[in-house]
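**Q** Please see the structure below; I have some questions.
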Amino acid sequence: DYVSTTVMPMSSTGTAEVTITGIEVRRDDLEKPIILEAASDEEASVSPYNASTLNMVSPLNALVNPSNLSSYLSYVYVNGLSATDIAAIVDGSDPATLAPYGLDTPQAEVLYTLEDGQTDRICVGDEILDADGNSTEKYYVYKEGIDVVYIFQKDSLPWLTMTPKDIMSTVILTPYIDYVDTITLELGDKTYTMVLSETGENLAVTINGS
């Protein structure tokens, strides 16, 4: 009765008070984990339209939609994370105490890496079934470092079903390009390379060197 259902507190400022430098989502149904890493200063400077400080590097290389990133993953550092109930008090350092809830080998987990080196790991265990074996849309959840097994509604765990497509940016080419001097076009088995050259005030374009 005295254990709080708050797993991560809500930001007092309405904005994230930490800087996320990496996120990894692992799940049984994913062939490869979804991994986001901090964009380099160079990447950020040439892609300001993207506006996300993280890029996807697994299962593919892609820009990230900052709004969707917030909805699916980074929102926990703004809105906080609260459970609907408490399932048990456990010894998180002992896998045996997590096993009854499927948290010794979680079906899904999200790992946040922060700028100061801190990591926040949240694991999703077994689904809770009713007396007839039917889904209740609730899951056991454990946050590393807190010796509590929480109960969460499925709709509070977006990383349980999210895919890379959900957070990918639709931006293919950013409009912040100052100069282009070479364009390569591949059509079937043929390749055309167009090169722009400048001599004084004169511009010339060659295709495949002619």
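Let's see how each residue does on (1) assigned to a strand (DSSP E or B); (2) in contact with a Leu (Cβ under 6 Å, 6 or more places away or on another chain); (3) in contact (Cβ under 8 Å) with a residue 24 or more places away in the chain:
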position	(1), (2), (3)
24	yes, yes, yes
37	yes, no, no
71	no, no, yes
88	yes, no, yes
91	no, no, yes
125	yes, yes, yes
133	no, no, no
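**Q** Is there a residue in the stretch 109-123 that is more than 17 Å from the chain's Cα centre (by Cα), open to solvent by 30 Å² or more (accessible area, probe 1.4 Å) and modelled with pLDDT under 95?
**A** Filtering the stretch 109-123 for residues more than 17 Å from the chain's Cα centre (by Cα) gives 116-117.
Those left that are additionally open to solvent by 30 Å² or more (accessible area, probe 1.4 Å): 116-117.
So of that shortlist, the ones also modelled with pLDDT under 95 come out as 116-117.
Yes, the conditions are met somewhere in the stretch 109-123.
**Q** For the stretch 141-164, give me each residue that is outside any loop (DSSP other than H, G, I, E, B) and either touching a Cys at 6+ places or on another chain (Cβ under 9 Å) or of a type in the set (Lys, Arg) (or both). If you could, list the steps in order and put the result at the bottom.
**A** Let us first name the residues in the stretch 141-164 that are outside any loop (DSSP other than H, G, I, E, B), namely 141-143, 148-156, 158-160, 164.
Result: 141, 142, 143, 154.
**Q** Right, next: Would you point out the residue of the stretch 52-67, among those that are within 19 Å of residue 30 (Cα to Cα) and under 11 Å from the mean Cα position of the chain (by Cα), that is most open to solvent (accessible area, probe 1.4 Å)?
**A** Kept after step one, since they are within 19 Å of residue 30 (Cα to Cα), are these residues of the stretch 52-67: 55-62, 64.
Adding the requirement that they be under 11 Å from the mean Cα position of the chain (by Cα) leaves 55-58, 64.
Numbers: 55: 22, 56: 3, 57: 59, 58: 16, 64: 0 Å².
Looking at the filtered set, the residue picked out is 57.
**Q** Next question, about the same structure. What pairs can you find where one residue is in the stretch 96-122 and under 11 Å from residue 26 (Cα atoms), the other is among the hydroxyl-bearing types (Ser, Thr, Tyr) and at pLDDT below 95, and their Cβ atoms are less than 8 Å apart, with a gap of 6+ or different chains?
**A** none
The values are calculated or read from the model by the stated rules, or taken from the named source; none is laboratory data. Computed from a prediction, not measured in an experiment: that's the story for all the values here. Methodologically, a virtual Cβ is constructed for each residue, glycine included, from the backbone with ideal geometry; neighbour enumeration extends over all protein chains shown. Calculation scope for accessible area: heavy atoms of the full protein, side chains included, ligands and nucleic acids excluded. Shrake-Rupley method; radii C 1.70, N 1.55, O 1.52, S 1.80 Å.
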